[in-house]
Every structure is written in C-alpha cells, then in structure tokens.
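A short write-up of the structure that comes next.
The values are calculated or read from the model by the stated rules, or taken from the named source; none is laboratory data. Values in this document were obtained by computation on a predicted structure and should not be read as measured data. What goes into the accessible areas is simple: the full protein's heavy atoms, side chains included, and nothing from ligands, DNA or RNA. Shrake-Rupley method; radii C 1.70, N 1.55, O 1.52, S 1.80 Å.
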Amino acid sequence: MNNLANVRFGKLTALEKMPSVIYGSGTMMTVWRCKCDCGKTKDVLSRYLLRGSVKTCGNCPREVINEERL
C-alpha cells in the first residue's frame, strides 16, 4: 500500500507523506505525518503504521487511551 493518506491506524490518521529517511544500513524508509485523535501530530515510519506497532502519538491524555481499550 503506497498511499496511506486519510487511512486510520488506531488513534492516528495519516495526513501526508514526508521526505523519506535513510538509516545506517542505507535503507530508505517512508515517513507519514499523522494526526492523533487528541489533536497532536507525529511523524511515523509507514512500516510501523502497517504493522500496528504505533497507534497513538504517545502523549495522549488518559481519556483518549482508555477509549481505545473499551
């Protein structure tokens, strides 16, 4: 899946593709700017979104996180 724009991943919605990053091994990684339900934004590697290993901005108020557990 190349275009993740407007796709939800947990509490995050992918907004726009950011410039790719290169890791030490020379691997190019795609980064997406996401907006959390709490209103904060976070840049996340697409592989983490697709795996489900990142679902929030990491700074959500307790109420937002608890809604996900219900």
Listed values (i) 23, 12, 11; (ii) 21, 16, 8; (iii) 36, 11, 10, entry calculated as semi-axes √(5λ) of the Cα gyration tensor in Å | (i)
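With the other protein chains left in place, how much accessible area per residue, in square angstrom, belongs to the chain at a 1.4 angstrom probe?
68
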Amide H to amide H under 5 Å from residue 55: which residues, 5+ apart in sequence or cross-chain, H placed 1.01 Å off N in plane?
-> none
CD proxy, 222 nm, the chain: helix-only mean residue ellipticity via -39,500 (n - 2.57) per DSSP H run with n ≥ 4, per residue, nearest 500, stands at -5000 deg cm²/dmol
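If the chain between residue 5 and residue 23 were fully stretched, how many nm would it gain, using 0.36 nm times the residue separation less the Cα-Cα distance?
Values: separation 18, 0.36 × 18 = 6.48 nm, distance 2.33 nm.
Gain on extension, residue 5 to residue 23, equals 4.1 nm.
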Per-residue HN-Hα couplings for segment 19-26 [Karplus 6.51, -1.76, 1.60; θ = phi - 60°; Hz; x = Gly/Pro] | x, 5, 10, 10, 8, x, 7, x
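If you roll a 1.4 Å probe over the chain with all protein chains in place, what percent of the accessible area is carbon or sulfur? List each step's numbers first, then the result.
Details: 2270 of 4780 Å².
On the chain, the fraction of accessible area on carbon and sulfur atoms equals 47 percent.
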